[in-house]
Each structure stands twice: as C-alpha cells, then as structure tokens.
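A.B. asks: The structure is given below, and queries will be raised subsequently.
Readers should treat all values here as calculations from the given coordinates under stated rules, not as data from a laboratory. Just so you know, these numbers come straight off a predicted model, no measurement behind them. Positions of Cβ are backbone-derived with ideal geometry, glycine not excepted, and every protein chain shown enters the neighbour counts.
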Ligand code: GLN
C-alpha cells in the first residue's frame, strides 16, 4: 500500500517510519495532486491552527473535503478531522465528533500510557502531548478507546482518529490497524 503523510507541519517523518516498518510505502504529501497516487492519508500531530492555515493555503481543505481517501488523524490531525471544535469552527468535518483542544494540561504534563483500544489485542502505547480529547460523538461513530473518562480514539468507517502520538513509539499496532483493517478494505 502507498500511504501518504500530509507533510506541511508536525510529526511527519515519524509516521513515514511507522508506515515503512509496517512493510508499506510512505509518501510525503506536499501537493494536492499527490492525493491521486496514495491509498490512504495520515494527518499528523503538530499545531492544529498552523496546520489548518497551511492546509487552506495549499488547497488541501477543499481537496480533502471532496476526497474519498481513508484518513487517519493523530492529535492535531484528529482536531483537523473533527466536525466540531470547542470554541472554534470545525474543519474537514469527516468525523462526527466534538473535540476539545489541550485537554490534558500543559506541555509539562505530557505523558505516556498503555491504552486499551477496541480491535487491537495488546495494550497500545501512546504519547500524549498537549493532546485534545473527544468530548462527544454522534451515533455514527465507534468509540475505540477511553482514558480517565475521556474518549481518545474513534473510528467512523474509513476515518480513524486518536488523541495521542502512536508514531513516537515502537508500537506499530495502530498503523497496522489503519492499513490492514481500513485502507486495505476500503
Ligand atoms: N495542542 C495541539 C493543538 O491543539 C495539538 C498537539 C499535538 O498535536 N501534539 O493543535
């Protein structure tokens, strides 16, 4: 499979490494035309205000709203996929969820956790860095993971979103899940 990583801002190289470790081809996506050459797209973590600004500037907002590609958003990427963002306007609106930004405290409160994720057998290692959480979901959405009463992983058909950074660990279970259970079956 050819999996693109939106390469405008954020933890791009780390996702490329995860894709390659999973035995697939990772593509740095910098131009909208490249969306035609990939089977799925990862929207990485970083800073979602900057990310959204750059996506609009380079034509990705419109292109992705119209795209049928499977997508996986991590952290800021989850915010980008959400229908609603507390206090702000939703952006791509692919996931019927409301997210709240920075809901696990400040940068110094970044933490690592072993997570139970529906559909994945072993605990999944995740790094939370100024992470958002999912405040509410519509019934179109499957909740995959919760920590401290906060929803941190969801799936809606071919769209997957998590609050944390799986790509900063050597745990490849989420990328495998995205590629094998979502992209390969789309
Ligand atoms: N706090 C960032 C935001 O709201 C997300 C942080 C991250 O992606 N690690 O955009």
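A.B. asks: Place the peptides 61-72, 174-185, 91-102 in order of packing, highest mean first, counting for every residue the other Cβ atoms within 10 Å and averaging per peptide.
C.D. replies: Taking the mean over residues of other Cβ atoms within 10 Å, the ranking is 91-102, 174-185, 61-72.
A.B. asks: By how many nm would the segment from residue 112 to residue 36 lengthen if fully extended, with 0.36 nm per residue of separation less the alpha-carbon distance?
C.D. replies: Contour length minus the Cα-Cα distance gives 23.8 nm.
A.B. asks: Here is a follow-up. Does segment 23-85 come out rounded, prolate or oblate by the C-alpha gyration tensor, with a ≥ b ≥ c the root eigenvalues, rounded set by a/c under 1.5 and, if not, prolate when a/b is larger than b/c and oblate if not? Kindly include the intermediate steps, with their values, before the conclusion.
C.D. replies: Details: a/c = 1.58, a/b = 1.31, b/c = 1.20.
Note, shape of segment 23-85 comes out prolate.
A.B. asks: Starting from one equal scatterer on each C-alpha and no solvent at all, send me the Debye-based log10 I(q)/I(0) for segment 17-153 at q = 0.15 Å⁻¹, two decimals.
C.D. replies: Here log10 of I(q) over I(0) equals -0.80.
A.B. asks: Taking the Cα centroid of segment 60-118 and of segment 169-186, what is the distance between the two, rounded to the nearest whole Å?
C.D. replies: Spelled out, the Cα-based centre of one part sits 18 Å from the other.
A.B. asks: OK, next. Would you mind ranking 3, 147 by Cβ crowding within 10 Å, fewest neighbours first?
C.D. replies: Numbers: 3 26, 147 20.
Neighbour counts put them in this order, fewest first: 147, 3.
A.B. asks: At 7 Å along the Cα-to-beta-carbon direction for both residue 53 and residue 140, put a label point, then send me their distance in nm to one decimal.
C.D. replies: So the label points at residue 53 and residue 140 sit 3.0 nm apart.
A.B. asks: With n ≥ 4 as the cut-off for DSSP H runs, can you work out [θ] at 222 nm for the chain, using -39500 (n - 2.57) per run divided by the number of residues, rounded to the nearest 500?
C.D. replies: Mean residue ellipticity, 222 nm, calculated: -5000 deg cm²/dmol.
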